[in-house]
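To start, the structure itself, in C-alpha cells.
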Amino acid sequence: MNYEARVWKFGADVDTDQIVPGRYAPFMLKEGQDVKDYAFVEARPDFAREAKVGDVIVAGNNFGCGSSREYAPEALRRREIGAIIAPSFARIFFRNAINLGIPLFSSAEAVALLADGDEVALDLVHGRLTLTPDLTIDLPPLPEFAQEIVAAGGIVAYVREYGRFPGEK
C-alpha cells in the first residue's frame, strides 16, 4: 500500500494519557461518541480535529509509555493512522498496537529527518517513506510474526483467517 500522508511529530515519552486522557475512555463516553475523536485532544487539539486516514505519527523515544490502556492505540486504529515511527516504544503499547494492526517502525533516522507537517508517501509493503523525490527513508521491518499480524489487520483478524496464532502449527 502506498499513499500520501501528513506527518504529526511529537516529542519523547508520549504517554497513553496524552494519546487519550482517561476521562475519554470508551466506557465513559456518551452513546454516539467515539474514542477516536479524543486522540491527543488535550496534548495536541489540532490532531483531534484534523488528522486524516493514513497520516503518520513520528515521535521521540518511549512512545506509548505510562498505563497499558488499550483504548489509546485503539483510538489511533479507529482514526486509521497509517503508521507510527519512533526510535523506541513502550513494550505494552507496542504489543497492543501490533495486535490492533497498527504498523510500527523503530527508526531514529526517520525521526531526525521528518518534521511536523511534512507530506510523505508511505509504502508499507516495502517499508519506505518518501519525503521528496530525492529522499526516501528505508524503515526497519517488524519481526515476521508482527508483520503477519499487521498485514491481517490485527490479531483477531489473523486468528480468524488462519485459525491459530503466528508461529503455531
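The values are calculated or read from the model by the stated rules, or taken from the named source; none is laboratory data. Quantities reported herein were computed from a predicted structural model and do not represent experimental measurements. Positions of Cβ are generated from backbone atoms using ideal geometry, with glycine treated the same way; all protein chains shown enter the neighbour counts.
Structural remarks
- Selection count, segment 58-84, where residues are touching a Lys or Arg at 6+ places or on another chain (Cβ under 8 Å) and within 19 Å of ALA108 (Cα to Cα): 2
- Looking across segment 91-139, the residues that are without any contact (Cβ under 8 Å) to a residue 12 or more places away in the chain and closer than 28 Å to GLU70 by Cβ come down to ARG91, ARG95.
- Within segment 25-46, the set of residues being part of a helix (DSSP H, G or I) and either surrounded by 19 or more Cβ atoms within 10 Å (Cβ to Cβ) or charged (D, E, K, R) (or both) comprises VAL35, LYS36, ASP37, TYR38, ASP46.
- In the set GLY127, GLY101, GLY117, only one residue is within 11 Å of the chain's Cα centre (by Cα) and on the phi > 0 side of the Ramachandran plot; that residue is GLY101.
- Those residues of segment 55-68 which are at pLDDT below 95 and surrounded by 17 or more Cβ atoms within 10 Å (Cβ to Cβ), in sequence order: GLY66
- Of all the residues in segment 9-24, those that are in contact (Cβ under 8 Å) with a residue 40 or more places away in the chain and either surrounded by fewer than 16 Cβ atoms within 10 Å (Cβ to Cβ) or in contact with an Asp or Glu (Cβ under 6 Å, 6 or more places away or on another chain) (or both) number 5.
- Residue, nearest to LEU114 (Cα to Cα), within segment 64-86, restricted to residues that are touching an Asp or Glu at 6+ places or on another chain (Cβ under 9 Å) and basic (Lys, Arg): ARG79
- Matching entry among SER107, SER88 (being touching a Leu at 6+ places or on another chain (Cβ under 6 Å), of a type in the set (Gly, Ala, Ser) and closer than 20 Å to GLY11 by Cβ): SER107
- Counted as qualifying within segment 69-169 are the helices (runs of 4 or more DSSP H) with 2 or more residues that are under 25 Å from ALA43 (Cα atoms), namely 71-78, 91-99, 108-113.
- Yes/no for ARG79 being in contact (Cβ under 8 Å) with a residue 12 or more places away in the chain and surrounded by 21 or more Cβ atoms within 10 Å (Cβ to Cβ): yes
- Restricting segment 107-135 to residues that are of a type in the set (Val, Ile, Thr) and crowded, with 17+ Cβ neighbours inside 10 Å leaves a set whose member that is nearest to SER88 (Cα to Cα) is VAL111.
- Hey, PRO103 at pLDDT below 95, within 24 Å of THR16 (Cβ to Cβ) and out of contact with any Asp or Glu (no Cβ under 8 Å at 6 or more places or on another chain) or not: no
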